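The values are calculated or read from the model by the stated rules, or taken from the named source; none is laboratory data. None of these values were measured; they are calculated from a predicted model. As a convention, Cβ positions derive from the backbone with ideal geometry for all residues, glycine included, and neighbour counts pool all protein chains shown.
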Amino acid sequence: MSLKPGRELRSFPSVPDTVADVDSFLDQRLRDAGFPDELMADVAVSVSEVVNNAVIHGNGANPEKHVDVEVEIAPDRISIAIQDEGAGFDPDTLPDPVAQENLLREVGRGLFIVRAYMDEVHFQMVDGRGLRITLVKIVSDGQPG
Amino acid sequence: MKLSYEERDGVVILKPKGKILGGPDATLLKDQLQSFIDQGKTRVVIDLAAVDYMNSTGLGILISTLTTLRKANGELKLANVTEKIQSLLTITKLVTVFDDYETVEEAVSAFPQ
């Protein structure tokens, strides 16, 4: 199978409804491109984790600050970049959410789930702008099918 | 996400429908569960049959509900856990934390009479 290539950037305010709005935007965009149903949940959950973090932690739920979501679709993969206006964080210093002593913590699993569901996760601090996290899901070898 | 519930044999059965990804949906679910606890209804089953998928916010609500109910001498049980959510519970090692049952009837029956 092969996806229909394309690219789209949208900006969302840092408000509670944004996670659902991003989900709708992404769902429509990926379906239009022929993205397989069986991989949709992995992507939707992963994007929701990063968007929630961007709204709440990155932008401090300040509606004046925005979360930019850029979807890039290639024949064999999708790439979704989520950028906030925050100071960023070191992903390697987060507590291990599957350690026995952390199992009953209510928070702290988001990035762990993202890493389990996506094929690639990239972190980049953009000068003067914020943290950009790019998620990649590979769907096939790119051969028409 | 849509939310409905019923009571059977002194057990509250909560039926979320759709996606649990955070935002107002998660707040609705959390508030509804807290409302049961405030009313002294501490035997709760969450029927996950109609939940397409959930993220860590949903898992956080399940954990918060479980720990709050246990402090009030109650219990949370899960029913109809879909393959996708089962996989999420396995990845996060939360399968060891929750009691899950194939049907709502089995989950309700598992509470002491």
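If you go through the stretch B:57-78 one residue at a time, do you hit one that is buried (at least 19 other Cβ atoms within 10 Å of the Cβ), more than 10 Å from chain A (Cβ to nearest Cβ) and in contact (Cβ under 8 Å) with a residue 40 or more places away in the chain? Within the stretch B:57-78 (the criterion being buried (at least 19 other Cβ atoms within 10 Å of the Cβ), more than 10 Å from chain A (Cβ to nearest Cβ) and in contact (Cβ under 8 Å) with a residue 40 or more places away in the chain), the answer is no, since none of the residues qualifies. The sole residue among B:T82, B:T103 that is more than 14 Å from chain A (Cβ to nearest Cβ), surrounded by fewer than 21 Cβ atoms within 10 Å (Cβ to Cβ), more than 12 Å from the chain's Cα centre (by Cα) and in contact (Cβ under 8 Å) with a residue 12 or more places away in the chain is B:T103. Of the residues making up the stretch B:64-84, those that are modelled with pLDDT of 95 or more and among the hydrophobic types (A, V, I, L, M, F, W, C) number 4.
Starting from residues that are assigned to a loop (DSSP other than H, G, I, E, B) and not acidic (D, E), keep the ones in the stretch A:127-145 and report whichever is modelled with the lowest pLDDT.
Filtering the stretch A:127-145 for residues assigned to a loop (DSSP other than H, G, I, E, B) gives A:127-129, A:139-145.
If we keep only those that are not acidic (D, E) too, we end up with A:128-129, A:139-140, A:142-145.
Numbers: A:G128: 83, A:R129: 88, A:V139: 93, A:S140: 77, A:G142: 50, A:Q143: 52, A:P144: 49, A:G145: 44.
Per the criteria, the residue is A:G145.
Of all residues in the stretch B:13-46, those satisfying the criterion of being out of contact with any Leu (no Cβ under 9 Å at 6 or more places or on another chain) and among the hydrophobic types (A, V, I, L, M, F, W, C) are B:I13, B:L21, B:A26.
Exactly one residue among A:G88, A:G128 is in contact with a Phe, Trp or Tyr (Cβ under 8 Å, 6 or more places away or on another chain), of a type in the set (G, A, S) and more than 23 Å from A:A44 (Cβ to Cβ), and that residue is A:G88. Considering the stretch A:85-141, the residues that are more than 12 Å from every other protein chain (Cβ to nearest Cβ) and of a type in the set (V, I, T) include one that is nearest to A:L3 (Cα to Cα), namely A:V139.
Looking at the stretch A:38-67, which of its residues are among the polar types (S, T, N, Q) and either surrounded by fewer than 20 Cβ atoms within 10 Å (Cβ to Cβ) or within 14 Å of the chain's Cα centre (by Cα) (or both)? If the condition is that a residue be among the polar types (S, T, N, Q) and either surrounded by fewer than 20 Cβ atoms within 10 Å (Cβ to Cβ) or within 14 Å of the chain's Cα centre (by Cα) (or both), then A:S46, A:S48, A:N52, A:N53, A:N62 are the ones that fit.
Taken over the stretch A:73-121, the criterion of being assigned to a strand (DSSP E or B) and under 22 Å from A:D32 (Cβ atoms) is satisfied by A:I73, A:A74, A:R77, A:I78, A:S79, A:I80, A:A81, A:I82.
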